[in-house]
Amino acid sequence: MKPDVRLQLDARSAHQASVPCAVRVRGIRKIFDELEAIRDVSLDVANGEFISLLGPSGCGKSTLLMMIAGLEFPTSGEVTLADTPVTGPRRDVGVVFQNPVLLPWRSVLDNVLFPIELLRLPVEEYRARAMELLRMVKLQEFAGALPRQLSGGMRQRASICRALIHDPAILLMDEPFSALDAITRDDMAVELLRIWQATRKTVIFVTHSIREAAFLSDRVLTMGRRPATIVDEIHIDLPRPRNIAMTEEDSFNRYVRHLRKSIEASHEG
Ligand SMILES: Nc1ncnc2c1ncn2[C@@H]1O[C@H](COP(=O)(O)OP(=O)(O)OP(=O)(O)O)[C@@H](O)[C@H]1O
Ligand SMILES: [Mg+2]
């Protein structure tokens with residue numbers, strides 16, 4: 001890393017020390033039977049920050065995200081959200097899973113509304129919001145369709161609406177755009193940034209795409225091979241709001257190159 005970038009990083013870290021923390025992960029370790037999936041991962045995510053986790057397949061990204069979501073538990077270490085230890089799934093968290101698990105017998109609209117039922121909130125009051133979210137991802141015409149009538153990418157878009165329906169403060173997204181074609185993927189990235197900027201959610205975004213991580217994030221954390229540790233952290237100091245044209249610029253491509261090198265180094269290690 002060049003010295004000037006390091007300086008910026010230190011200045012930002014000092015600033016963020018005073019910003020309230022939305023997500024705090026401390027010394028997490030996860031062992032499945034004999035397999036050590038995660039070793040000593042710590043990270044802080046500030047309120048309203050957008051971070052991405054980049055790392056090779058099988059390194060433990062989904063496992064880490066599920067521990068933050070309260071759907072998986074660490075062998076040791078602690079996760080706190082808004083200063084409260086995570087003991088199970090919570091209302092202030094929305095999750096977009098790597099596989100968009102939709103209930104096959106329910107319409108797209110009723111799948112989007114499912115968390116509202118689980119949270120025992122008045123479903124009727126959320127119907128208009130659900131339709132608005134479906135419109136945002138261009139699925140309004142499929143509100144009454146069953147999941148099997150949708151393509152993989154459409155199902156993934158429906159699952160993004162489901163994660164947003166109860167307006168969670170923290171959004172955890174596990175490779176949400178991996179099933180989308182390149183153009184829709186760019187559109188969704190821009191749309192996600194628009195939602196994030198309008199609602200100031202805290203986002204943790206898992207992706208294999210270096211370009212996507214650099215485009216979306218305030219900060220990208222690179223994870224090494226299993227057992228997962230965080231091997232690099234870089235702040236993306238590109239202006240906001242961001243648009244796809246920015247990905248053609250040198251300033252953007254410098255970040256992409258840095259991240260690629262960091263990933264290559266972790267593969268060799
Ligand atoms: N429930 C489980 N039981 C046993 N092993 C598991 C379980 N979940 C994950 N693992 C193991 O933990 C490791 C990390 O898995 P994880 O799904 O977190 O990886 P990932 O980084 O999300 O990979 P990908 O990029 O392919 O989605 C893998 O070796 C996997 O086999
Ligand atoms: Mg995964």
(message) Within segment 25-56, take every residue that is under 18 Å from the mean Cα position of the chain (by Cα) and surrounded by fewer than 21 Cβ atoms within 10 Å (Cβ to Cβ) and give me the one that is nearest to ligand 1 (Cβ to nearest atom).
(response) Pro56
(request) Can you tell me which residue among Ile170, Ile236, Ile244, Ile263 is surrounded by fewer than 15 Cβ atoms within 10 Å (Cβ to Cβ) and either of a type in the set (Ser, Thr, Tyr) or touching an Asp or Glu at 6+ places or on another chain (Cβ under 9 Å) (or both)? (result) Ile244
(request) Name every residue in segment 57-78 that is surrounded by fewer than 20 Cβ atoms within 10 Å (Cβ to Cβ) and either over 30 Å from Glu268 (Cα atoms) or not assigned by TED's automatic domain parsing to the domain that holds Arg29 (or both), in order of residue number. (result) Gly70, Leu71
(request) Please determine, by comparing only the residues of segment 167-194 that are more than 13 Å from the chain's Cα centre (by Cα) and among the β-branched types (Val, Ile, Thr), which one is modelled with the highest pLDDT. (result) Val190
(request) Would you point out the residue of segment 217-231, among those that are at pLDDT 95 or above and not hydroxyl-bearing (Ser, Thr, Tyr), that is surrounded by the most Cβ atoms within 10 Å (Cβ to Cβ)? (result) Val220
(message) I'm checking my understanding of the structure. Among residues of segment 57-84 that are over 22 Å from Gly224 (Cβ atoms), within 16 Å of the chain's Cα centre (by Cα) and assigned to a loop (DSSP other than H, G, I, E, B), which one is farthest from ligand 2 (Cβ to nearest atom)?
(response) Gly70
(message) Every residue in segment 78-135 that is closer than 30 Å to Arg29 by Cα, of a type in the set (Val, Ile, Thr) and in contact (Cβ under 8 Å) with a residue 12 or more places away in the chain, please.
(response) Val79, Thr80, Val86, Thr87, Val93, Val95, Val96, Val101
(message) Just the residues that are away from ligand 2 (no atom under 16 Å from the Cβ), in contact with a Pro (Cβ under 7 Å, 6 or more places away or on another chain) and more than 23 Å from Asn47 (Cβ to Cβ), please, taken from segment 159-190.
(response) Arg162
(request) Could you tell me whether Arg257 is surrounded by 21 or more Cβ atoms within 10 Å (Cβ to Cβ), out of contact with any strand residue (DSSP E or B) (no Cβ under 6 Å at 6 or more places or on another chain), of a type in the set (Lys, Arg) and at pLDDT 90 or above? (result) no
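The values are calculated or read from the model by the stated rules, or taken from the named source; none is laboratory data. Since this is a predicted model, take the numbers as computed values, not measurements. For neighbour counting, all protein chains shown are included, and Cβ atoms are generated from backbone atoms with ideal geometry for every residue, glycine included.
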